[in-house]
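The values are calculated or read from the model by the stated rules, or taken from the named source; none is laboratory data. Just so we're clear, the structure is a prediction, and the values are computed from it rather than from any experiment. Note that each Cβ is placed from the backbone with ideal geometry, even for glycine, and that neighbours are counted across all protein chains shown. Note: areas computed on protein heavy atoms with side chains; ligands, DNA, RNA excluded. Shrake-Rupley method; radii C 1.70, N 1.55, O 1.52, S 1.80 Å.
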Amino acid sequence: MDEEGESVIVAKFAKNNREVICLGISDYKGKTYVFVRTYVPDLNGDLTPTREGINLSIEKSKELVQGIKDLGNVMSPEKVVARIKKNDVQQVWIGTNMYKDIPLIFLRTYVAYGGEDYKPTKQGISMKVDFVPKLIESVEKLEEQVTSLNN
């Protein structure tokens, strides 16, 4: 990882026949972040990141890990299990919702300007609830990597 935005993918799993969910660590302008992002293959077959996903400062990684693990305990089709503060106006929400009668899990950035209620942004990722075990397994690998960086 370097100052120019290098990323290290710690864990990944297929979302569908084209997209891959990747979890990892990146450095950007001297700060370290953890991310959950959709990647797609480029023309050479190498994975390249899309805009779909979230990132948080590495200091928030424990909250991200716990929020994702909490998804495994949710029985409700519409529930927010975690709200992680990114800055004064943004939060990452982790939860479940329904879309066209399909239960989904989501990790999405929400924003509130001028005392308004939080509204969802386009920055986020959704997937079928069937992926909760793979997401939990992947976030545990991310947790191990973050712990090794901090030691």
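Listed values, structure above:
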| quantity | calculated |
| --- | --- |
| Added length on full extension, which subtracts the Cα-Cα distance from 0.36 nm per residue, Asp46 to Glu6 | 12.9 nm |
| The range 99-151 versus the range 29-66: alpha-carbon centroid distance in Å | 11 Å |
| Unit charges at the beta carbon, dipole of the chain: most positive-side option, Ile136, Val74, Leu64 | Val74 |
| Exposed GluC sites (Glu not before Pro) absent - longest run of the chain, DSSP non-H/G/I/E/B, at most 13 other C-beta within 10 Å | 7-77 |
| Length gained when the stretch Tyr99-Lys79 is fully extended (0.36 nm per residue, less Cα-Cα span) | 5.9 nm |
| Relative contact order for the range 53-98, counting Cα pairs under 8 Å that sit 6 or more residues apart, in percent | 35 percent |
| Cα-centre dipole for the range 50-98 with unit charges at Cβ (Lys and Arg positive, Asp and Glu negative), debye to 20 | 60 debye |
| Residue among Val20, Val89, Val36 with the largest mean-square fluctuation in a Gaussian network model of the chain, springs linking Cα atoms under 10 Å | Val89 |
| Cβ-Cβ FRET estimate between Ser57 and Asn17, R0 fixed at 35 Å, reported to 0.05 | 0.60 |
| Area of Tyr118 that stays accessible when all protein chains are in place (1.4 Å probe, Å², to 10) | 70 Å² |
| Length-normalised contact order of the chain in % [C-alpha pairs under 8 Å, at least 6 apart] | 18 percent |
| Residue with peak Gaussian network fluctuation, the chain [Cα springs, cutoff 10 Å], from Ile102, Ile136, Ile54 | Ile102 |
| At most 12 other Cβ within 10 Å, DSSP loop - trypsin sites (Lys or Arg not before Pro), the range 27-117 | Lys29, Lys100 |
| For the range 25-91, projected area of the alpha-carbon convex hull averaged over all directions, nm² | 6.4 nm² |
| Computed magnitude of the charge dipole of the chain (debye, nearest 20; Cβ of K, R +1, Cβ of D, E -1) | 440 debye |
| Share of pairwise Cα separations in the chain, more than 23 Å, in percent | 34 percent |
| Carbon and sulfur %, accessible surface of the chain computed with the full protein complex present, 1.4 Å | 46 percent |
| Charge sum, other residues only, whose C-beta stays under 15 Å from Pro103's C-beta, Lys/Arg counted +1 and Asp/Glu -1 | 0 |
